[in-house]
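Below are the structure tokens for one structure; questions will follow.
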Amino acid sequence: MNALSRYLFKVMLSLLVLSLPVWAATAPDLDGLVAVKAKRMDEAYLLPGADFRQFKAVLIDTPDVAFDKDWMRNMNQTRNLSRMVSKADAEKIAAATRSGLMEVFQEEFRKAGYTIATAPGADVLRLSPSIVKLYINAPDVMSPDSSRSYTIDAGEATLVLKARDSVSGALLGMAVDRREARGTGFVTWTNSVTNRSDFRRVFQQWARICIKGLDELKAGSPVAPEAGSKP
């Protein structure tokens, strides 16, 4: 192997090694699901033959929330000591995100005519939402100064939603979608109130998309066995 070949081999090997953690973090655990054409979300997977017609209620698990791995470091590199984001601040933001997503999903499903169940049942679909790669552009933390942050959008997040038969626990479907939390589209003062409002709109979009998708799945059940079929 000459010098050029050795160099190219090292470059290819380094690219492969660098790509592995990204793949591991984003590749879904399909568990028998097949990819389908997602009309409203980035990715969608369904269990061939799954029948959604019996589901009249949803049991919504408390959402998991995970920040983008570089979020806190990036925030604290650009802030003075009085406005540094602490772990306690991050935990408060995560808790508010969990409760906000849960509240919106329950509210939207209830308005759409679904019962919000508190226990498994034959007519209950279990939904397990997770927020990953949460990135708040201007987290509003308590500080003694009066400095303000101005942004065009509040940040972004990715929803991973798994749907299971609440009795058997069988995974019936999964969806993945990344969205930005946009406000007015102009540079504006960003604070905890505007952040909550902007992300609430994103949560409502996700909830309404999920409801519409579930209604369509009920109308078209059982799911076609061919990969790539529309839900």
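The values are calculated or read from the model by the stated rules, or taken from the named source; none is laboratory data. Fair warning: this is a prediction, and the values are worked out from it, not measured in the lab. Positions of Cβ are generated from backbone atoms using ideal geometry, with glycine treated the same way; all protein chains shown enter the neighbour counts. Please note that ligands, DNA and RNA were not included when accessible areas were found on the heavy atoms of the full protein model with its side chains. Shrake-Rupley method; radii C 1.70, N 1.55, O 1.52, S 1.80 Å.
Rounded to whole Å and ordered largest first, report the semi-axes of the equivalent ellipsoid of the stretch 46-126 derived from its Cα gyration tensor (root of 5λ).
In descending order the semi-axes read 38, 14, 9 Å.
Can you give the extra length, in nm with one decimal, that the chain gains between residue 62 and residue 92 once fully stretched, where that is 0.36 nm per residue apart less the Cα-Cα distance?
9.3 nm
Once you have the Kirkwood Rh of the stretch 30-79 from its Cα pairs, apply Stokes-Einstein at 10 °C and 1.306 mPa s and quote D in µm²/s. Could you put the intermediate results ahead of the total?
On the way: Rh = 15.2 Å.
Approximately 105 µm²/s, per Stokes-Einstein.
Mind grabbing the accessible area of residue 98 for me, 1.4 Å probe, Å², rounded to tens?
Probe radius 1.4 Å; accessible area of residue 98 about 80 Å².
Here's something else I'd like to know. Could you tell me how many cubic angstrom of Cα convex hull volume the stretch 81-127 has per residue? Let's see the in-between values first.
Values: hull volume 3.9 nm³, N = 47.
Convex hull volume per residue, Cα atoms: 84 Å³.
Take the Cβ-Cβ distance between residue 84 and residue 130 as r, set R0 to 30 Å, and report the resulting FRET efficiency rounded to the nearest 0.05.
E(calc), rounded to 0.05, equals 0.65.
What accessible surface, in Å², does a 1.4 Å probe find on residue 218, ignoring ligands, DNA and RNA and rounding to the nearest 10?
50 Å²
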